[in-house]
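Every number in this text was worked out from the coordinates using simple rules, so none of it is lab data. Since this is a predicted model, take the numbers as computed values, not measurements. Note that each Cβ is placed from the backbone with ideal geometry, even for glycine, and that neighbours are counted across all protein chains shown.
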Amino acid sequence: MTLSAQIGLQLGTLDLEVELDVQAGELLALLGPNGAGKSTVLRCLAGLAPIDTGSIVIDGLVVDDPATDTLVEAEDRPIGFVFQNYLLFDHMSVLENVAFGLRARKTQKSDARRTARDWLDRVGLTEYADQRPRALSGGQAQRVALARALATSPRLLLLDEPLAALDAGTRASVRRDLRRHLETFDGMRLLVTHDPVDAYALADRVAILDAGRVVQVGTLAEVTAHPRSRYVADLVGVNLVAGNVVDGVLANASGAHVVIADALPGPSFAMIRPHSVALFRHTVDGSSARNTWSGTITDIDRLGDRVRVGIEGQLPLTAEITVAALDALGLRPGDGITASVKATDIEVYPS
Amino acid sequence: MSSRHRGRRSALPAPVLALAIVAIAFFALPLVGLLWRAPWSSAWSYLTDDGALTALRLSVVCSLWATGLSIVFGVPLAWLLARVEFRGRGAVRALCTLSMVLPPVVGGVALFFALGRRGLVGQYLDRWFDVRLPFTTAGVVVAQTFVAMPFLVITVEASLRQMDTRFEDASRTLGASRWYTFRRVTVPAIGPALGAGAVLAWARALGEFGATITFAGNFPGKTQTMPLAVYLSLQTNPEEAILLSILMIVISFTVLLGLRDRWLGRVDRPMGAFGV
């Protein structure tokens, strides 16, 4: 039981070129900024958007392959889909919503209702069976949407931002519930989210999607330990410089140089933690730090007793210093500044 | 409280209020005029008269048939216009709603040359199926459907365009075919608009005169609907015409009053579900 998908699709300004694999019993989170194409990937897998190139194979069944002109309709794919905002049918009772998929597949009405009732039991909403969906809270609506999607026994469950429609107050408890219910489903699960907290709490592995490309796959710990995209670097809060290493110096596309300690030559990422960046009012002479860059302060954000200083220049950087240091230097936005980092504080890994 | 009420009422500019009152009077006065001239003492005998009852029954039956046909053919047409992009869609829409702006008599003439015994299609209906539409009750239904269906089509089309199509996506991912989705998700979602469109189409069919008299003629018991009976009796027996007119007004007014809040008031909300 695996999902293997190579998705190529041009849709307006979105240029999607994605390769994904989900193993049996695994929950993969597709994490990325808005507009990266996450929801479109789900639509392709569900059969709501045909792909231009590539192929989608669910559990050995080829559901989309333009090369051989194969396209299995959405209703014939072994999938369940939990939509953002849940999309419960408001002209039916909660029970009829859960029974809908079975009825659509020509299951006897009484059998469909019995199965639907079992599912409502499982998600703890038996007493809402005869209510209209509009009577439900956001968390309850999500459970009904999950029960509705799982009632047809899909092999692949797709979840599109299942927590985004909830307010911050209930999100944590609904997330815990969702985790519990997802653990009881032994098929493949693919979750789309823009919130790393969801991915951390629910997923076995994450795939980072940025501008239509999967830029990184792994456990969340692996992904955040060595960011390979601006998106993940921002998420973790580190500086990331992509470039080419020649003779212990990494040069990026705009010509900035980063001196590094012992790294192999070739295309690499250099990760600079903000607290490794030291700031000076004037150019420094005779320092042990191998790197000094001059720039201009763009913004100063206080986070408790630490301060994040954004610097624009040949190498855009974020530095983290103490409030005391900020006061001593008297820094303000627009000031010229010299930033310095020791080569040994920079982590380098091949890209 | 009372001063705040006064304040709110005066927020409406006086000229607007005055013009609105003139408009209301414009609609109310003809009604009052009819009631004023109605021969109330002989009302019962006129209204229970065989001719009047026959015309009334024919009107109700034909207008309901026309409404039914408008729904059966109009909803798929509205769906096509709302959801399928094809070349010349604008032209097709204009063609299908043309009879709203066309003088009904012109519509009747056109129907005659299309479906009459010597008409473009009518000659084959006659020759092959022995079906003749002009001057028959079925012809009345055809004429009424011709002028009434566009009201349903434009109402339903607007609602289909507004509807959140992701509900249909959700239905498909649950294993529902396109047809099942259309019946169980799309149609219920546009229910209020469908109801409103059906009422409008029915009202238009009930009042139809020009196309009916041109295409179906004016035979009592066969093609003479209420509007035709009113027009005819106006020349021979004005008192009867007045009473028949009042009867039509009462029927239409009651239906509009009864259905307005239920259907017309909710057209703007096709499927209001959680969190959308």
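Odds and ends about this structure:
- Selection of the range B:115-132 for residues being in a helix (DSSP H, G or I) and farther than 28 Å from B:Val84 by Cβ yields B:Gly122, B:Gln123, B:Tyr124, B:Leu125, B:Asp126, B:Arg127, B:Trp128, B:Phe129.
- Some residue of the range A:23-32 being closer than 23 Å to A:Asp234 by Cα and small (Gly, Ala, Ser): yes
- Within the range B:179-191, the residues that satisfy the criterion of being surrounded by fewer than 21 Cβ atoms within 10 Å (Cβ to Cβ) and more than 8 Å from chain A (Cβ to nearest Cβ) are B:Trp179, B:Phe182, B:Arg183, B:Val187.
- Residue match in the range A:256-272 (condition: without any contact (Cβ under 8 Å) to a residue 60 or more places away in the chain and farther than 20 Å from A:Tyr349 by Cβ): no
- Condition check for A:Thr184 on (1) surrounded by 14 or more Cβ atoms within 10 Å (Cβ to Cβ); (2) out of contact with any strand residue (DSSP E or B) (no Cβ under 8 Å at 6 or more places or on another chain); (3) within 30 Å of A:Ala46 (Cβ to Cβ): one failure, at (1).
- Pairing each residue of the range B:38-62 that is closer than 15 Å to B:Trp202 by Cα with any residue that is polar (S, T, N, Q) and outside any loop (DSSP other than H, G, I, E, B), provided the two are 6+ apart or on different chains, yields C-beta distances under 9 Å for B:Leu58/B:Thr137; B:Val61/B:Thr137; B:Cys62/B:Thr137; B:Cys62/B:Gln144; B:Cys62/B:Thr212.
- Any hit, the range B:122-136, residues being among the β-branched types (Val, Ile, Thr), touching a Lys or Arg at 6+ places or on another chain (Cβ under 9 Å) and either closer than 30 Å to B:Ala189 by Cβ or surrounded by fewer than 19 Cβ atoms within 10 Å (Cβ to Cβ) (or both): yes
- Complete set of residues in the range B:207-226 that are within 21 Å of B:Leu102 (Cβ to Cβ) and not in a loop (DSSP other than H, G, I, E, B): B:Gly210, B:Ala211, B:Thr212, B:Ile213, B:Thr214, B:Phe215
- In the condition set (1) closer than 30 Å to A:Gln131 by Cα; (2) under 18 Å from the mean Cα position of the chain (by Cα); (3) more than 10 Å from every other protein chain (Cβ to nearest Cβ), A:Val22 is compliant with all but (1).
- Elements of the type strands (runs of 3 or more DSSP E) sitting completely within the range A:38-151 and holding at least 2 residues that are more than 10 Å from chain B (Cβ to nearest Cβ) and of a type in the set (S, T, N, Q): these cover A:53-58.
- From the list A:Asp90, A:Asp130, the one residue that fits, being in contact (Cβ under 8 Å) with a residue 24 or more places away in the chain, under 22 Å from B:Tyr180 (Cα atoms) and among the charged types (D, E, K, R), is A:Asp90.
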